[in-house]
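The values are calculated or read from the model by the stated rules, or taken from the named source; none is laboratory data. Since the model is a prediction, treat every value here as computed from it, not as a measurement. So basically every Cβ, Gly included, is an ideal-geometry build from the backbone, and we count neighbours across all protein chains shown. All accessible areas refer to the heavy atoms of the entire protein, side chains included, with ligands and DNA or RNA removed. Shrake-Rupley method; radii C 1.70, N 1.55, O 1.52, S 1.80 Å.
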Amino acid sequence: MGRYVARRLLQMIPVFLGSTLLVFLMMYALPGDPVRALAGEQHADPAQIASMKADLGLDQPIWQQYLNYLGNLFQGDLGTTIGTQRPVADVIADAYPITVRLAIFAFVFTVVAGISLGIIAGLKAESLRDRGLLGLTLVLISMPSFVLGFLVQYFFAFQLGIAKPNVSLEPTNSELLMPAVVLASLSLAYVARLTRTSVAENIRADYMRTAVAKGLPRRRVIGVHLMRNSLIPVVTFLGTDIGALMGGAIVTEGIFNIKGVGSLVFEALSKREGATVVGVVTLLVVVYLVASLLVDLLYAVLDPRIRYA
Amino acid sequence: MRGAKSAKWVAGAAVIALAATACGGSDSSDEGKKNTSGQPAGYVSIDVGEPQKPLMPADTNETNGSYVIQSLFTQLLDFDDKGEIVLTNAESVETEDSKTWTVKLKAGWKFHNGEAVTAQSYIDAWNWYANVENKQQNAFWFSDIKGYEDVHPEKGAPKGKEMSGLKAVDDTTFTIELAEKVPYFNYKLGYATFAPLPKVFYDDPKAFGKKPIGNGPYTFEKWTHKKLIQVKAWDEYQGPNKAANKGIQFKNYSTVEAAYTDLVSGNLDMIRQVGPRDLPKYKTDLGDGAIDQPYAAIQTLVPAFYSKSFKDIDPKVLQGLSMAIDRDTITKTVLNGTRIPATSFTPPQVKGNQTLKSDILKFNPAKAKELIKEGGGVPENKISIQYNADGGHKEWVTAVCESIRNATGVECVGDAKPDFPTDLEARDNNEVKGFYRGGWVADYPVNVNFLKELYHSKAESNNGRFADKEIDELMAKGDKADSLEASVAAYQEVENALVEKMPAIPLWYYAINGGHGKNVDNVKVDFHGDLELTGVTTK
């Protein structure tokens, strides 16, 4: 077990290097000079631009820039932004906490609501409540999140007046509820459908009949025997979903004016702030890697047949 | 029981991981509770986002930063909403020959830290701004001053640290000697770049940029990056634009729509621009609070004179294309009435604006066709309009193309660049294939700003690479004039001559479509489209 985890952690290093290099190259390939763009339509002095680039190390060949970046990274330096000259670490530290909170809210909501809805529907497949759930999730899957976000905002904030339309600068937990539900709605629909199918399949399995025949209480039959086997595909989905949620949804963050990672990446991309983009993406890669490791380890809990030595 | 054991271990790890992140979350929410009080009483809030750069007067030329700079710093003079000069820190700015200017400062002015504002504060600041080593974006604004090349050579290190043209006479008087005559130089002094700096600036300019100390109507309070900048009204300010409110919060919004919802629900006092989604209804939503006012800015189509389409083109063709654009209909429908059809190369708010003695800006398909034919037509009968897709230009570019195609049969396509940096790069590298979308907001309210900066053959913002000896000579005549009036009149001649040269096709003037909530009053718009914050009162 310990060796397996260690090996997986070691595997993260080449993945990490590869993904940063890729993002680095992609940023480099984009047209548009970030230093020149600062001046906009106004005059920009070429000599001045050149010296600013020299200060930022942007005049060096791409491989040199990448090596410099890695070198600094190992000393814990993520670089500085081009415009405001702030350390990228600070910029990310400002944006991350709110995204983490939002992601946790959304994740918990997805897990609790999605799995319970899935079980309720799956236990009686093809019934009215099952069809109802399938219909509802279909609506959620097909509705773009900006439509949903706007609708939710319109009803709860402007018609009913029970919520503020935007979150404030230092959002309280209750303010995050509405955007978290909007953010979670898509994965919630997937989780509910995955759980439903898997529960509906497993309920007819031999071991279920055995468990019932043994005279086990219904709670234990469903809670332990059925759930453990049905949750594997759901957990796989949730694992990758953590990464997606941490990436922040640009649209949801935009609608509710949340200054999180999503809007940070979008803004940094449009300003060609390479260091910021690479920094955020690097962090996201780590989140994805850790989440998928957790998922793999959780398999062993759910199904002891799947084991890692 | 190996499986069970490892299962416990893993479940434990997962719980710890979740608990750890959850802790992080609840920590920051505790902090949040302390600061949710929001806006202090008497403060007004506006949707101004994160400045692009640290807050230094000569390093800021985008609107977010300049809003904050203008609240913290006051330069020698400013303009009223009609574009007339209002003296702020200066008692007088005078010249006899348009070459040597004498500035007298009002006595008793201080920086926020108590240091007196003297002639030397201005001279030192300008020398520092102009110095190439300090890499200030707006350094070129000082290039009129004698000795600029010494501190800002085209190549290499500067020869000295001072421009010979700046001399202090006494504590409150200094003279500015220019390299050449510039009859409208005092208008340039209204640009925020010409603000003075206190001595503490030179100790650590970087730290200063994060926490500036100015001489303006407000003092700096706090800057929560990407969220909020707060400034407080300064009691000791002596200028004519003393704050009528207690302070300002510049709040950052990710979208104009988000800002609008906050305005409507009362969490924000003013917004600078209503987004397309809310434009149709903002006047009913806001009532008296709706702002719809033109300002000194123009949108143009600029031909790239090096491109295949427009190399050695007969201006008649461009006149024809101009007459093929139905400005009235496009501004009314596609642009929701947020723009005003152009009637000249300069907007009405600037000195010297005139009605052209020509009908090239009027929609006339028949004449358009005729002119294009007379001029020999467009090569391949096809043109393109380059624009940045992130700026909301797609709709009108499509409409303009449609109009040209219908009126003249010339094929017209939009050439979208994904964003502004890409668009600018194509312009800088002479890669524009036909027209590009040009836009210009007044730096100072004189027609020169719209003609010389854009169409002089050596102008830095002349990305169409229009070069015409006759126009350059006419401009030189305007620059040699002894008075502002004579210079403005000479530039009117330039404008009349431009009709025959067509360095660009003027499309329309901008208007600000903003609004304010019920808690504030006296919201006015200045000549370059910024909301004037000092005069805003709270109810």
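A straight chain from A:I306 to A:A54 at 0.36 nm per residue would run longer than the Cα-Cα distance by 85.3 nm. Mean-square fluctuation check for chain A, GNM, Cα pairs under 10 Å: which of A:G79, A:G32, A:G254 is largest? Largest GNM mean-square fluctuation: A:G32. Kindly identify the range B:433-520 as rounded, prolate or oblate by the Cα gyration tensor criterion: order the square roots of the eigenvalues as a ≥ b ≥ c, call it rounded if a/c is under 1.5, otherwise compare a/b with b/c, prolate if a/b is larger, else oblate. It is oblate, given that a/c is not under 1.5 and a/b is not larger than b/c.
Panel note: contact residues of the range A:156-202 (accessible area lowered by at least 30 Å² against the chain on its own; 1.4 Å probe) correspond to A:F158, A:P165, A:N166, A:L169, A:E170, A:T172. Peptide A:145-154 has a mean shielding of 1, counted as Cβ atoms of other protein chains within 10 Å of each residue's Cβ. Distance between the 7 Å Cα→Cβ label points at B:E180 and B:L87: 3.0 nm. Specify whether the C-alpha gyration tensor of the range B:173-326 places it in the rounded, prolate or oblate class, a ≥ b ≥ c being the square roots of the eigenvalues: rounded for a/c under 1.5, otherwise prolate if a/b is larger than b/c and oblate if not. Taking the square roots of the gyration eigenvalues as a ≥ b ≥ c, the range B:173-326 is oblate.
DSSP finds beta bridges in the protein assembly as shown, and of those with both partners inside it, around 80 percent are antiparallel.
Dipole magnitude of the range A:87-199 about its Cα centre, charges +1 at Lys/Arg Cβ and -1 at Asp/Glu Cβ only, in debye to the nearest 20?
Value, rounded to 20: 520 debye.
In terms of the mean number of neighbouring beta-carbon atoms within 10 Å, the peptides A:180-188, A:107-115, B:264-272, A:143-151 order highest first as A:180-188, B:264-272, A:107-115, A:143-151.
Suppose every K and R has +1 on its Cβ and every D and E has -1 on its Cβ; what is the size of the dipole of the range A:264-309 about the Cα centre, in Debye to the nearest 20?
It comes to approximately 80 debye.
For the pairing of chain A with chain B, what total accessible surface becomes buried, with a 1.4 angstrom probe, in square angstrom to the nearest 100? List each step's numbers first, then the result.
On the way: alone 17210 and 24810 Å², together 36750 Å².
Interface between A and B: roughly 5300 Å².
Label zone of A:A93 (point 7 Å out along Cα→Cβ, amide N under 16 Å): in the range A:139-179 this covers no residue at all.
Quick one: net charge of B:R272's neighbours, Cβ under 9 Å, K/R +1, D/E -1? List each step's numbers first, then the result.
On the way: positive: none; negative: B:D47, B:D530.
So the surrounding residues net to -2.
Each Lys or Arg adds one and each Asp or Glu subtracts one; over the other residues with Cβ under 12 Å from the Cβ of B:T88, this totals -1.
Suppose every Lys and Arg Cβ carries +1 and every Asp and Glu Cβ carries -1, with no other charges. What dipole size does the protein assembly as shown come out with about its Cα centre, to the nearest 20 debye? Provide the component values of the computation, followed by the final result.
On the way: 88 positive and 94 negative charges, 1021 e Å.
Value, rounded to 20: 4900 debye.
When the protein assembly as shown is described by a simple charge dipole with +1 on each Lys and Arg Cβ and -1 on each Asp and Glu Cβ, the residue from B:T333, B:A192, B:P240 located farthest towards its positive end is B:T333. Averaged over the residues of peptide B:423-433, the number of Cβ atoms from other protein chains lying within 10 Å of each residue's Cβ is 3.
Taking 21 Å as the limit for the C-alpha separation, the pairs B:K382/B:K452; B:K135/B:K161; B:K367/B:K501; B:K104/B:K211 exceed it in the case of B:K382/B:K452; B:K104/B:K211.
Here the calculated FRET efficiency for B:A41 and B:Q238, from their Cβ-Cβ distance with R0 = 22 Å, stands at 0.30, rounded to the nearest 0.05.
The H on the amide N of B:Q386, modeled in the peptide plane, is under 5 Å from the matching H of B:D415, B:G434, B:F435, B:Y436, B:R437, each at least 5 residues off or on a different chain.
Model label points for B:Y306 and A:F16, set 7 angstrom from Cα along the Cα-to-Cβ axis, are 4.6 nm apart. Candidates A:L138, A:L30, B:W141 compared by Cα position along the dipole of the protein assembly as shown: farthest toward the positive end lies A:L138, with charges placed on Cβ. Only aspartates and glutamates eight or more places from B:K181 in sequence, or on another chain, were considered; those with a Cα closer than 12 Å are B:E96, B:D97, B:D144, B:D479, B:D482.
Computed extension gain for A:R129 through A:T236, at 0.36 nm per residue and net of the alpha carbon distance, reaches 35.9 nm. The residue list B:Q349, A:V152, A:L298 was ranked by how far each Cα lies along the charge dipole of the protein assembly as shown toward its positive end, using unit charges on Cβ atoms, and A:L298 comes out on top. Near B:L166, the amide H atoms lying under 5 Å from its own belong to B:E177; only residues 5 or more places off or on other chains count, and H is placed 1.01 Å from N. Each Cα pair under 8 Å and six or more residues apart adds its sequence gap; the mean of these over the residue count of the range A:1-119 is a relative contact order of 15 percent.
Just to verify a number: FRET efficiency for B:D482 and B:D80, C-beta to C-beta distance, R0 = 35 Å, to 0.05?
Working: r = 25 Å, r/R0 = 0.73.
The calculated FRET efficiency here is 0.85.
Sort the following peptides by mean Cβ neighbour count (other Cβ atoms within 10 Å, averaged over residues), highest first: B:365-376, B:177-188. Show your work: numbers first, answer last.
Numbers: B:365-376: 17.1, B:177-188: 19.5.
Ranking, from highest mean packing down: B:177-188, B:365-376.
Taking label positions 7 Å along the Cα-Cβ direction at both B:E370 and B:S457, the computed distance is 3.3 nm, reported to one decimal. Per-residue packing, averaged as other Cβ atoms within 10 Å, sorts the ranges B:217-225, A:134-142 into the order B:217-225, A:134-142, beginning with the highest. A simple count of charges around B:S98, restricted to other residues whose Cβ falls under 14 Å of its Cβ and scoring Lys, Arg +1 and Asp, Glu -1, yields -3.
Calculated mean residue ellipticity, 222 nm, chain B: -9500 deg cm²/dmol, from DSSP H runs (n ≥ 4) at -39500 (n - 2.57) each, averaged per residue and rounded to 500.
What FRET efficiency, computed as 1/(1 + (r/R0)^6) with R0 = 35 Å and r the Cβ-Cβ distance, is obtained for B:E221 and B:Q293, rounded to the nearest 0.05? The calculated FRET efficiency here is 0.75.
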